[in-house]
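The values are calculated or read from the model by the stated rules, or taken from the named source; none is laboratory data. Note that the structure is a prediction, hence the values are computed from the model and not measured. When we count neighbours, we look across all protein chains shown, and the Cβ atoms used for this are built from the backbone with ideal geometry, even at glycine. The area values use the complete protein model at the heavy-atom level, side chains included, leaving out ligands, DNA and RNA. Shrake-Rupley method; radii C 1.70, N 1.55, O 1.52, S 1.80 Å.
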Amino acid sequence: MSTPIFTTKKLEKMIQKYIKPKENVGDPGILGKWNATVFYVNRRKNWLLFNPKTHYSVILENITAKDLVNIQEKFREEFFLQLVVDGIDITQKQVDWLVEDLSFHSTDADRSALGYINEILYAIDCHQDFEYYKSLAEINVYLNNCIFSLDGSSKYTRCTKPRDEMGKILRAYIGTERDMPIHPTSLN
């Protein structure tokens, strides 16, 4: 399945040769689109990937220019590890199917997603205090366990967690005994 990742302008400048035109986005698949940005911790580049549909985040640590060639494999590995840590039952083969084809695009100007990304970056910055230092992996578990409202920040009627929302979507499409997910059209 196609996995479009819309980058911020800051990240777009760093990976300019990997950016594809927006016309080539295609069908986003089960998980929908992702948004990505770059941030620094101890002068090392890290990427934050955010799924607006589920509010699920994945942090890719210490990305260098050499990693860009294999960024799809790195994202698949980190995404799989994050799902396992968050208690979502999935295999590497299923993750490979979900994230079959990564494509990077310039920003889609999704203000809601960018607002949540800025909120996540602020939380990461707050947890980087020397007294309460946590690794980025611990912070990512914390972020995926934070409560948010499906109705927006002004109403708190349908509160949930990003890992719960990701689990719901994956359970709907991926059976526990199957290696390959159910195609979305057969569920209707």
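If R₀ is 30 angstrom, what is the calculated FRET efficiency for the pair residue 100 and residue 126, using the beta carbon separation as r and rounding to 0.05?
0.25
So what J values fall out for segment 33-42 if you push phi through Karplus, 6.51 cos²θ - 1.76 cosθ + 1.60 with θ = phi - 60°, rounded to Hz, Gly and Pro as x?
7, 10, 10, 9, 9, 10, 9, 10, 9, 6
At a threshold of 8 angstrom on Cα-Cα distance, excluding pairs fewer than six apart, so keeping six or more, what relative contact order does the chain reach in percent?
Computed value for the chain: 24 percent relative contact order.
With θ taken as phi - 60° and the coefficients 6.51, -1.76 and 1.60, list the Karplus ³J(HN,Hα) couplings across segment 67-73 in order, rounded to whole Hz; mark glycine and proline as x.
Karplus values, whole Hz, x for Gly and Pro: 6, 5, 5, 10, 5, 5, 5.
Rounded, prolate or oblate for segment 1-86? Axes are the square roots of the Cα gyration tensor eigenvalues, ordered a ≥ b ≥ c, and the cut-off for rounded is a/c under 1.5.
It comes out oblate by the Cα gyration axes.
Which of the listed residues, 135, 102, 145, is farthest toward the dipole's positive end in segment 1-146, when Lys, Arg count +1 and Asp, Glu count -1 at the beta-carbon?
So the residue we want is 102.
Return the single residue from 157, 64, 37 with maximal mean-square fluctuation; model: Gaussian network over the chain, springs between Cα atoms under 10 Å.
157
What does the helix-only formula give at 222 nm for the chain: each DSSP H stretch with n ≥ 4 adding -39500 (n - 2.57), the total divided by the residues, and the result rounded to the nearest 500 deg cm²/dmol?
-10500 deg cm²/dmol
For segment 139-150, take each phi angle, set θ = phi - 60°, evaluate the Karplus expression 6.51 cos²θ - 1.76 cosθ + 1.60, and give the result in whole Hz per residue in order, putting x for glycine and proline.
Taking θ as phi minus 60°, the curve returns 5, 5, 4, 4, 4, 7, 10, 7, 7, 9, 9, 5 Hz for segment 139-150.
Is the shape of the chain rounded, prolate or oblate, going by the alpha carbon gyration tensor and its root eigenvalues a ≥ b ≥ c, with a/c under 1.5 for rounded and a/b larger than b/c for prolate?
rounded
Report the charge-dipole magnitude of segment 93-144 in Debye, nearest 20, computed about the Cα centre from +1 at each Lys and Arg Cβ and -1 at each Asp and Glu Cβ.
Charge dipole of segment 93-144: 60 debye, to the nearest 20.
Report in % the part of the accessible area of the chain that belongs to carbon and sulfur, leaving out ligands and nucleic acids; probe 1.4 Å.
Here carbon and sulfur together make up 51 percent of the probe-accessible area.
Amide H neighbours of residue 41 under 5 Å, at least 5 residues apart or on other chains, H built in the peptide plane: list them.
Amide H neighbours of residue 41: 46.
How big is the charge dipole of the chain about its Cα centre, in debye rounded to the nearest 20, if each Lys and Arg gets +1 on its Cβ and each Asp and Glu gets -1 on its Cβ?
Taking the Cα centre of the chain as origin, the dipole is about 460 debye.
Please work out how much accessible surface residue 60 shows to a 1.4 Å probe, ignoring ligands, DNA and RNA, in Å² rounded to 10.
So the heavy atoms of residue 60 present about 0 Å² to solvent.
So how far, in whole Å, is the C-alpha centre of segment 7-40 from the one of segment 49-116?
First find each Cα centre; the distance between them is then 11 Å.
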